[in-house]
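Student: Below: one structure in structure tokens.
The values are calculated or read from the model by the stated rules, or taken from the named source; none is laboratory data. Because the structure is a prediction, the values reported are computed rather than measured. With ideal geometry, Cβ positions are generated from the backbone for all residues, glycine too; neighbour counts draw on all protein chains shown.
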Amino acid sequence: MTSIPNAGAAQILREISATIVENKAWLSEIDGKIGDGDHGVNMAKGFGRAAERTPPDASLTEALQTLSDVLMAEIGGSMGPLYGMMFSDMADALGDIDQIDATSFARMLRAGLDGVQEIGSAKKGDKTLLDTLIPAVETFEVHLAMGDSFGVSLAAMRKAAQDGRDSTLDMVARIGRSARLGERSRGVLDAGASSCALILSGFADEITARLENA
């Protein structure tokens, strides 16, 4: 198959939410080394609540909007609004389409990235979620432009996201509370980049499974 139905694809985000909840302690541990230590708690709270409020038969568009609403209205910290805007823009990009193919997924990814960049001053190399998001989105777009299949492009995106996360280990934070640590922020993964890699890997895994099983 080259696409998946939008209807019922809310289950994709429900699975991603379960992964975020499972990694709550790890994300907070990472964040605690150079930040407030609440990233995992806040992310698990937001994703968990959104999953509870999203029917399994809802569309991915509806699930993304519900997640956005929860993150923006009910979750503290800087990441709630940031991720909230990203998911809202993703939902807008998908709209009411019936089938999600590689082209519409690429449009969704790009909208999410643009939304994050519009409301923040961070750029690639600043040790933020953009160090995961930018290479992942660009890699998916490149593979799609080369004529690769949806599944191959997803696999490449997944690897780029994880490589992007790992690249933050040797970066010095330049944005947010961790920036005050200077060189002492080197040697620790960025929590936002880490949660973003979990999210994008989840998209890749869940969509690929549906493409193969259709």
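Student: Among G48, G80, G37, which is surrounded by fewer than 17 Cβ atoms within 10 Å (Cβ to Cβ) and within 16 Å of the chain's Cα centre (by Cα)? Write out each step before concluding.
Tutor: Numbers: G80 fails: surrounded by fewer than 17 Cβ atoms within 10 Å (Cβ to Cβ); G37 fails: within 16 Å of the chain's Cα centre (by Cα).
Answer to the check: G48.
Student: Additional query: What number of residues within region 139-171 are surrounded by fewer than 20 Cβ atoms within 10 Å (Cβ to Cβ), charged (D, E, K, R) and not in a loop (DSSP other than H, G, I, E, B)?
Tutor: Number of matching residues: 5.
Student: Pick from K45, K33: which is assigned to a helix (DSSP H, G or I), at pLDDT below 95 and over 16 Å from E206 (Cα atoms)? Can you show your working first?
Tutor: Details: K45 fails: at pLDDT below 95.
Answer to the check: K33.
Student: Within region 111-138, which residues are within 19 Å of P81 (Cα to Cα), surrounded by fewer than 23 Cβ atoms within 10 Å (Cβ to Cβ) and not acidic (D, E)?
Tutor: Answer for region 111-138, where residues must be within 19 Å of P81 (Cα to Cα), surrounded by fewer than 23 Cβ atoms within 10 Å (Cβ to Cβ) and not acidic (D, E): A111, L113, G115, V116, Q117, I119, G120, S121, A122, K123, I134.
Student: Now for a separate question. Find the residue count for region 168-191, including only residues that are within 16 Å of K124 (Cα to Cα) and without any contact (Cβ under 8 Å) to a residue 12 or more places away in the chain.
Tutor: 1
Student: Give region 63-114 a look and list any residue that's among the aliphatic types (A, V, I, L, M) and without any contact (Cβ under 8 Å) to a residue 24 or more places away in the chain, or say none. Walk me through it before giving the result.
Tutor: Step one: of region 63-114, the residues among the aliphatic types (A, V, I, L, M) are 63-64, 67, 70-73, 75, 79, 82, 85-86, 90-91, 93-94, 97, 100, 102, 106, 108-109, 111, 113.
M72, A73, A93, M108, A111, listed by residue number.
Student: While we're looking at this one, here's another question. So which of A50, A136 ends up being modelled with pLDDT of 95 or more, part of a helix (DSSP H, G or I) and farther than 26 Å from M1 by Cα? Outline the logic, then answer.
Tutor: Numbers: A136 fails: farther than 26 Å from M1 by Cα.
Matching residue, one of A50, A136: A50.
Student: Something else: How many of the residues making up region 172-196 are part of a loop (DSSP other than H, G, I, E, B) and within 23 Å of P81 (Cβ to Cβ)? Even if it seems obvious, please write down each step before you answer.
Tutor: Within region 172-196, the subset part of a loop (DSSP other than H, G, I, E, B) is 172-176, 186-190.
Next, only the ones that are within 23 Å of P81 (Cβ to Cβ) stay: 173-176, 189-190.
Residues that pass the stated criteria total 6.
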